[in-house]
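For reference, the structure is listed below as structure tokens.
Any read-out appearing in this document is the output of simple, stated calculations on the displayed coordinates, not a laboratory observation. In this text the structure is predicted, and so the values were computed from the model without any measurement. FYI the Cβ positions are ideal-geometry reconstructions off the backbone, even for glycines, and counts take in every protein chain you see.
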């Protein structure tokens, strides 16, 4: 399902008989897990899926975590109630373009890559059904790092869903947009994008207000030493030039 995205043919090495045997065993575990999944036994399904991934070595690059802001970072922002003179509160940053992880030459056979990616994708949906969205997000990020799975619609949808559920709204919006490039008729993505655009804009306005309030508090703290506050300064717009001048008033 390629809709205008840059895709290059991936070159895969041939599988050895030993690797094909492992793929067959992993596929068997996947099928057993699917049987548990169909009847809602997600924990049992997870055990089978993990048994499958345990047979297959997971390269280090698949385990690299994307740079999401951690909860400790968020708590640090919340605790910083009074910005110092040397370090005023930072302004909210605009959304940055996301770099896409693409591989054109695989180091493993296609059969190994595909079964492992499917297993991790199944692990993801189990965690989503168990409402373990942080774990689901961690595993779906592994899925999309597999060669050939960067634009997998199922994985992208699950990633966007988990990002939204874990309050990573800007990341979720970017993922839904990527999904819509891959699958333009995806109704869930079509509906999510305007909702998230509004939510992201509201979040940015809230962050902007918090920054301005902190800066105002800092300004009043300094001016208070001189018996003044920012209320003594008013901005007046020039109707001809459109510029502003600051006027002092007692």
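What's the ranking of 124-133, 158-167, 194-203 by average number of surrounding C-beta atoms within 10 Å, highest first? Could you put the intermediate results ahead of the total?
Details: 124-133: 18.3, 158-167: 21.6, 194-203: 14.0.
For the peptides 124-133, 158-167, 194-203, the packing ranking is 158-167, 124-133, 194-203.
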Quick check: Cα centre of region 167-182 to Cα centre of region 140-161, how many Å? 12 Å
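Ranked highest first by average number of other Cβ atoms within 10 Å, how do 149-155, 29-35 line up? Before the final figure, lay out the partial values.
Working: 149-155: 20.0, 29-35: 17.0.
For the peptides 149-155, 29-35, the packing ranking is 149-155, 29-35.
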How high is the relative contact order of region 134-174, given as a whole-number percent (alpha carbon pairs under 8 Å, six or more residues apart)? 35 percent
Can you tell me how region 118-184 classifies by the Cα gyration tensor, rounded, prolate or oblate, using a/c under 1.5 as the rounded cut? oblate
